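Engineer: Sharing a structure below in structure tokens format, with a few things to ask.
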Amino acid sequence: MARAKMLLVEDDAALAELLIWHFKREDFEVAHTVDGEEALLLAQENVPDIVLLDWMVESLSGIEVCRRLRRMNGTANVPIIMLTARGEEEDRVRGLETGADDYVTKPFSPRELVARVGAVLRRVRPALAGETLTFADVEMDTVGHKVRRGGQVVPLGPTEFRLLKHFLEHPGWVFSRERLLDSVWGQDSDIELRTVDVHIRRLRKAINADGKYHDIIRTVRSAGYALDTDGVG
């Protein structure tokens, strides 16, 4: 499985520790908080691939956190699984109507939860289910660190490789230069925004073979860049 980012919002310390252990063993990158308000900040700063959200957490209820995540542009489509001791049908329906993708009632098996998370990710983010990322005629072997387009090897530097990998994991998503800096270079990076444009140009030149192939990296004016079949140089 390609490394996926999880936001765990759970105030039961023992359960949180157990879940972190299980998901890190499955190669997830796990951010944890017991606080609903902090969960919203963490989700904005580093958009997760999936959220495990307890119904009862500090400062904001899980339901309210779920509602706000669905209203925020960056997290509107991030899958959310609610964790709760509430088993009544009315509560399950309320959670799903608020925007949760799945609902797990405590007590539960961590192994079952891992399986459910995997199923949700395969459904909404197929790229995270395997070691090969593909889009159009581009194929990336994340283990062998190789990229091919139209069957031909594409030589990429390490930064361009990470940049393309990020796009392949989020096809169609528009990313600002700031978001790309955070995701590809890291939040502590002091690299200038224009550096993103330089690496985008390098990536385009390599992946398009100097004009041999159609440009699949779209420039969105005043917004950033996206990977799709309507790319504009």
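Engineer: Where does each of R218, R68 land when they are ordered by accessible area, with a 1.4 Å probe and the largest first?
Structural biologist: In descending accessible area the options line up as R68, R218.
Engineer: Then there's this: Report relative contact order for the chain in percent, whole number only (criteria: Cα-Cα under 8 Å, sequence separation at least 6).
Structural biologist: Dividing the mean separation by the residue count of the chain yields 13 percent.
Engineer: Per residue of the chain, what 222 nm ellipticity follows from adding -39500 (n - 2.57) for every DSSP H run with n ≥ 4, rounded to the nearest 500?
Structural biologist: -11500 deg cm²/dmol, from helical runs alone.
Engineer: Would you work out the charge dipole size for region 4-128 about its Cα centre, treating the Cβ of every Lys and Arg as +1 and the Cβ of every Asp and Glu as -1, and quote it to the nearest 20 debye?
Structural biologist: The calculation lands at about 580 debye.
Engineer: I'm spelling it out carefully: the read-out is Rg/Rh (Cα atoms, Kirkwood Rh), the candidates are (1) 0.94; (2) 1.01; (3) 1.18, and one was derived from this structure. Which label?
Structural biologist: The listed entry that was calculated here is (2).
Engineer: Stretch D27-N73 to full length: gain in nm at 0.36 nm per residue minus the Cα-Cα span?
Structural biologist: 13.9 nm
Engineer: Another question, then. If I take R0 = 25 Å and measure r between the Cβ atoms of R194 and D228 in this structure, what FRET efficiency does the formula 1/(1 + (r/R0)^6) give, to the nearest 0.05?
Structural biologist: Efficiency computed from Cβ-Cβ geometry: 0.60.
Engineer: Below 20 Å, Cα to Cα, which lysines can K146 reach? Residues fewer than 8 away in the same chain don't count.
Structural biologist: K165, K205, K212
Engineer: Here is a further query. Tell me the per residue accessible area of the chain using a 1.4 Å probe; a whole number in Å² is fine.
Structural biologist: Solvent-accessible surface per residue comes out at 51 Å².
Engineer: Sticking with this one: Relative to the Cα centre, what is the charge dipole magnitude of the chain, using +1 at the beta carbon of each Lys and Arg, -1 at the beta carbon of each Asp and Glu, and rounding to the nearest 20 debye?
Structural biologist: That gives the chain a dipole magnitude of about 1180 debye.
Engineer: A follow-up question, please. For T219 and E17 in the same chain, what is the full-extension length gain: residue separation times 0.36 nm, less their Cα-Cα distance, in nm?
Structural biologist: 68.5 nm
Engineer: Please identify the helices of the chain, taking whole runs of DSSP H, that span at least 30 Å along their own axis as judged from the Cα atoms and have a mean Kyte-Doolittle score of 0.5 or higher.
Structural biologist: For the chain, where a helix must reach 30 Å along its axis and average at least 0.5, there are no hits.
Engineer: Here's another thing I want to ask about it. Under a crude label model (7 Å from the Cα following the beta-carbon direction), how far is R122 from R201 in nanometres?
Structural biologist: Result: 4.4 nm between the two label points.
Engineer: Oh, and also: Say each of S176 and R148 gets a label point 7 Å from the Cα, pointing the same way as Cα to Cβ; how far apart are those two points in nm?
Structural biologist: According to this spin-label approximation, the distance is 3.9 nm.
Engineer: With the full set of protein chains in place, find how many percent of the accessible area of the chain is carbon and sulfur; take the probe as 1.4 Å.
Structural biologist: 47 percent
Engineer: So who's got an amide H within less than 5 Å of the one on K146, skipping anything under 5 residues away but keeping other chains? H placed 1.01 Å off N, in plane.
Structural biologist: Amide H to amide H, under 5 Å and 5 or more residues apart or across chains, K146 pairs with D141.
Engineer: How would D49, D35, D27 line up by accessible area, probe 1.4 Å, largest first?
Structural biologist: Of D49, D35, D27, the descending order of accessible area is D27, D35, D49.
Engineer: While we're on this one: Using protein chains only and a probe of 1.4 angstrom, how many square angstrom of E139 are accessible, to the nearest 10?
Structural biologist: Taking all protein chains as shown, E139 has close to 90 Å².
Engineer: Now for a separate question. Let me know the charge dipole size of region 132-227 about its Cα centre in debye, to the nearest 20, where only the beta-carbon of Lys, Arg (+1) and Asp, Glu (-1) is charged.
Structural biologist: 340 debye
The values are calculated or read from the model by the stated rules, or taken from the named source; none is laboratory data. Computed from a prediction, not measured in an experiment: that's the story for all the values here. Counting neighbours? That spans all protein chains shown, and the Cβs are built from the backbone with ideal geometry, glycine included. With ligands, DNA and RNA removed, areas are computed over all heavy atoms of the protein, side chains included. Shrake-Rupley method; radii C 1.70, N 1.55, O 1.52, S 1.80 Å.
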